[in-house]
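Read through the structure below, which is laid out as structure tokens, and then see the notes.
The values are calculated or read from the model by the stated rules, or taken from the named source; none is laboratory data. Owing to the predicted nature of the structure, the values given are computational and were not obtained by experimental measurement. Cβ coordinates were reconstructed from backbone atoms using ideal geometry, including for glycine residues, and neighbour counts include every protein chain displayed. Protein only, heavy atoms only, side chains kept; ligands, DNA and RNA dropped before computing areas. Shrake-Rupley method; radii C 1.70, N 1.55, O 1.52, S 1.80 Å.
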Amino acid sequence: MVKEETLKELALSRSEYNLILDKLDREPNDLELGLFGALWSEHCGYKHTKKLLRSIKSTSEFTLTEAGAENAGAVNIGSNKAIVMKIESHNHPSAVEPYEGAATGVGGIVRDIFAMGARPIALLNSLRFSNLESDRNVQIAKGVIEGISGYGNCLGIPNIGGECFFDESYESNPLVNAMCVGLVDADKILSAKADRPGDLLIIIGAETGRDGIHGASGLASQNFEETIELRSAVQVGNPFLEKLLIEACLEISNFNELVGMQDCGAAGITSAAIEMAERSELGLKIDVSKVPVKEDSMTPYEIMLSESQERMLIAVKKNQHQRIFDILEKWDLKCSIIGEFIEGNEVQIFDGEKIISQTSIEALTSPPEYDLSLLSKGYKNKKNKIKIKEEYKNFDKKIINKYLFEILGSNNLISKESIYRKYDHHVQTNTVVEPGSDAAVIRIKGTDKYLIFSCDGNSRFSLINPDVGAQINIAEACRNISVLGGEPISLTDGLNFGDPTKPKGAHELIETFKGFNKACKVFEIPIISGNASLFNEGHNSSINPTPIIGAMGIMNNKTKIINKNFMNEGDYIGVIGKSLWGTENGLSGSEFQSFFDKTISGEININLDFEEKIQKNIRNLIKNNLINSATDISLGGLIMGLIKSCEKNNLGVNIDKAIPNNWAGALFGEDQSRIIFSFDPKNEKLIKESLSNVDWEKIGLVSKENIKFENIFFESDDLFLRYNKGFSTDI
Amino acid sequence: MKIGIAVFPGTWSETDTHYATQDVLGITSEYIWHKDQNLNNVDFIILPGGFSYGDYLRTGAIASFSPIMEKIKEFANSGGPVLGICNGFQILCESNLLPGILIRNKTLSFVCKNSNLKVNNNSKFTNLYKKDQIIKIPISHGEGNYQADKNTINKLEEENRVIFRYSSRSGDISEQYNPNGSINNIAGIINDAGNILGMMPHPEKACEKIIGSDDGLGIFSSIISSMVKNG
């Protein structure tokens, strides 16, 4: 009888164990139990999210893959070019060992991309830390940023964007979500499959060591308090080796002998090899004694479950591996034939001559699927009414100034330049709009395309209402693309949630998917890939539900490039949206509310149809070359939108309006669906025509300095200094 | 006329360099693999940026012992033009083809940004620029802090061999425009024979206006035109 402790270490429940007994019709041996623990983990098996994932729109006229079928999702961008993209989280490892956790997070997502034969052309990331008031939090933030910088820069992949956000809910669980984008000829996408019995299974790259055993089942599938001791479960990265792997794998990707490629990620060889066999509808023979190892006397269990980094598996036609081995030798990479695909549906594991496991692949790869609606039963989302202090409703210059200057002390609002300066964003010479705007733009050489990417999410909205929050997250991702002129065509999601077996966690996941579904329908956009990181809990509290959205848009390279920055003194400024002012209700979940009232409460809403309309309109203005800048009003409200538009070129604004009495909502409300843009006065007539079907107004003009309303003005030098001053503690 | 671009394991700027020289400027360019035994009759060698051999031990240290470096040293010592960019500059210093050393940035962190450089146009690599022209070229390094002993620095200055200095947009050379702590804001130097240039900024990344600047092209054009002139 298996011990409770063993099951706990593998993150298997007693009922799951009983299910294994039923499936096998016998007791599993230790190795087999390890395989089940890994493959039935949330990380590999998606047992709490599979049902929900199936409900999502994941294809469109552009998609070339089915969701979950490959290492990442692919979309066709024309001219026989495809873009492969995906987000992956490395939250738990980064909490335990920030530098290596984040570094190997980058390594893992990059392997997912070149496993499909695609050259990685961009990285983005979304980071969440607690406030920087404790040494530990500073150390985590610093370590994570250095890890991304240290690993990513070494690979020669530009890091073009993302976000970094601070909130106390990430105190025990920082979030590190890395996104990678790859480029491949549409007809050359590699599949993570073998073709026929006899195909060889070959391992390439690093030797297998004792690092990272139980990473998937342990770190990523239990809550944090249980795993604080699991230091050995964090892997150590070698970006130099990864760079060699990228080049070698892309060089062999065109060979006919190569049948399929798969990266060794969570749960190591176990997950990579067995999932390959499952996709190929074949059986598999593996000999663990053939796997190159770092240390002597490693057990089959350790070899199968090691999460050593920088390893790839390939399937190669029988007896046709020589040309591939020659290329690997050119790159000084180790490789070894460790098995072959066979008829049938079993995985047979050998240690030399001796067979040590013989298990049905179907049993290993079909973990139970839990119905979250049962788990969420009885959960009621707390409704908190927003409280507005009297002070917020009485126009008073002194008070407004005080609040504005204080809130510019928030690490969430200030420029993130000190972070992205640590990442190479110029390499590959395609970066047209650098980090720092709503999204980044890269060109694709040899085509007439620009691609636009963003990666972010607002977890406060999701905490207040996960359904509407998810809608806003997708709307804002698409808006970030649209304000640079891009037509959003695909999304990837990083789902960072608490414990899905608790009613609150289950509820938040279900509602988030509801919101995703509504938004994907309205924007006619698929979520082509993604990652789920659950169990982000510790010290009796969960993180705010944090869905991160990576978005891609496309536009023609004849389009004049604009970004958030006002360009010329004398240009007119317009706002598309119901009103330039925010509202009191718009303070719900805002930075202002969190910063001053220390709460996240109220009511959030978005009208998706209206949102879609304003995005279409701003794209049209850009396509017709009518405007000189555009940015959306989001975190920090209207006033932050204006500061960000002005600061780069040291300009100001004259707004022909007086701030209303409820100044807090008006200036700091984060009401959705508003876009600030600037334009040459001579285009006014054409803009009026172009925007005849949507709410908008001209609000003033770009001036030499200062942010001026009719009843108050703010000195821009002071504001810009605070905006650009860097974090409260150096990270 | 043919350019050879050296490729070490871990190099990542070779394709950008190839793009700038061959696709943008139309000069035949080919790669030289670190295990190669000959230079295939190239006329000008570029050691591009990246992290050769992972920059383990010291930046550029292992690459300086790679097989092809023997041939490149011979080529350089017989007057052949060599340009080292970023990691290439580090390799040139480690190979004793240029004096001094690049150590960790003063801030101790990697830095990526557009830098303004004041150009000394008195070299084969810069003679198409104007005197004291300010050019915009990206930097991207963790170890770009140029250091050398006093005598070396004095000699470099006296012999007018500092080719690029970090500056403001208007040409002010002061500490606040120094991104890495280099002595005298040095961003690039040349050897005494004038045929070997090492620089930390990446001219190949400033090859077209659409990506922010094409100011880097002048370096490739200058050396090519002076070679053509000299037959």
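Taking every protein chain into account, the accessible area of the stretch B:104-176 amounts to 51 square angstrom per residue (probe 1.4 Å).
Compared with its chain on its own, the stretch A:152-167 contains the following residues whose accessible area drops by 50 Å² or more in the full protein assembly (probe 1.4 Å; ligands, DNA and RNA excluded): A:ASN153, A:CYS154. Take each residue in A:434-442, count the other chain C-beta atoms within 10 Å of its C-beta, and the mean is 1. DSSP beta bridges fully contained in the stretch B:2-229 are about 60 percent antiparallel. The charge dipole of the stretch A:55-136, taken about the Cα centre with unit charges on the Cβ atoms of Lys, Arg (+1) and Asp, Glu (-1), comes to about 260 debye, rounded to the nearest 20. Sorted largest first, the spans of the alpha carbon positions of the stretch A:390-723 along the three principal axes are 58, 58, 42 Å. In order along the stretch A:604-615, phi translates into HN-Hα couplings of 10, 8, 8, 9, 4, 5, 5, 4, 4, 5, 5, 5 Hz, rounded to whole numbers, per the Karplus curve 6.51 cos²θ - 1.76 cosθ + 1.60 with θ = phi - 60° and x for Gly and Pro. Quick one: compute the contact order of the stretch A:1-140, relative version, from alpha carbon pairs under 8 angstrom and 6+ residues apart, as a percent. Reported relative contact order: 12 percent.
For chain A, the relative contact order comes to 15 percent (Cα pairs under 8 Å, sequence separation of at least 6). For A:GLY73, the residues whose modelled amide H falls within less than 5 Å of its own, excluding neighbours fewer than 5 places apart on the same chain, are A:MET85. A plus B alone minus the pair: what accessible area, both sides summed, probe 1.4 Å, in Å² to 100? In total, chains A and B hide about 2300 Å² from solvent. Taking amide H atoms as placed 1.01 Å from N in the peptide plane, the amide H of A:ILE121 lies under 5 Å from those of A:VAL181, A:GLY182, A:LEU183, each 5 or more residues away in sequence or on another chain. If only the Cβ of Lys and Arg carry +1 and only the Cβ of Asp and Glu carry -1, the dipole of the stretch A:42-93 around its Cα centre is close to 180 debye.
For the stretch A:1-150, the pair-distance distribution built from all alpha carbon pairs, in bins 10 Å wide starting at 0, is 9, 26, 28, 26, 10, 1 percent.
Look at where the Cα atoms of the stretch A:610-679 and of the stretch A:572-595 average out, and the two centres are 10 Å apart. In the stretch B:200-226, the residues that give up 20 Å² or more of accessible area when the other protein chains are added, compared with the chain on its own (1.4 Å probe), are B:LYS205, B:ILE210, B:ILE211. Rounded to whole numbers, the Karplus 3J(HN,Hα) couplings from phi for the stretch A:293-302 are 10, 7, 10, 6, 6, 6, 7, x, 4, 5 Hz, using 6.51 cos²θ - 1.76 cosθ + 1.60 with θ = phi - 60°, and x at Gly and Pro.
Dipole magnitude for the stretch A:316-355: about 200 debye, using +1 per Lys or Arg Cβ and -1 per Asp or Glu Cβ, origin at the Cα centre. Peptide B:60-72 is shielded by partner chain Cβ atoms: per residue, an average of 0 of them sit within 10 Å of its Cβ. Remark on the stretch A:191-365: Rg and Dmax equal 15.7, 49 Å (Cα only). Scanning residues 5 or more positions from A:TRP696 or on other chains, those with amide H under 5 Å from its amide H are A:GLY577, with H placed 1.01 Å from N in the peptide plane. Within the protein assembly as shown, DSSP assigns beta bridges of which about 75% are antiparallel (rounded to the nearest 5).
Mean per-residue shielding of peptide B:45-55 is 3, counting Cβ atoms of other chains within 10 Å of each Cβ. The mean sequence distance of close C-alpha pairs (under 8 Å, at least 6 residues apart), as a share of the length of the stretch A:474-567, puts its relative contact order at 47 percent. For the stretch A:191-200, putting each phi into the Karplus relation 6.51 cos²θ - 1.76 cosθ + 1.60 with θ = phi - 60° gives couplings of 10, 8, 9, 8, 10, 8, x, x, 4, 8 Hz, in residue order, rounded to whole numbers and with x for Gly and Pro. Compactness check for the stretch A:68-167: Cα Rg over 2.2 N^0.38 Å is 1.18.
According to the Cα-based calculation, Rg over Rh for chain B is 0.93, with Rh computed by the Kirkwood formula. Kirkwood radius and radius of gyration were both taken over the C-alpha atoms of chain A, and their ratio Rg/Rh is 0.99.
In terms of the mean number of neighbouring beta-carbon atoms within 10 Å, the peptides B:39-45, A:502-508 order highest first as A:502-508, B:39-45. Shown for the stretch A:390-723: the carbon plus sulfur share of the solvent-accessible area, taken with all protein chains present and a 1.4 angstrom probe, equals 45%. Taking one quarter of the surface of the C-alpha convex hull of the stretch A:447-535 gives a mean projected area of 6.0 nm².
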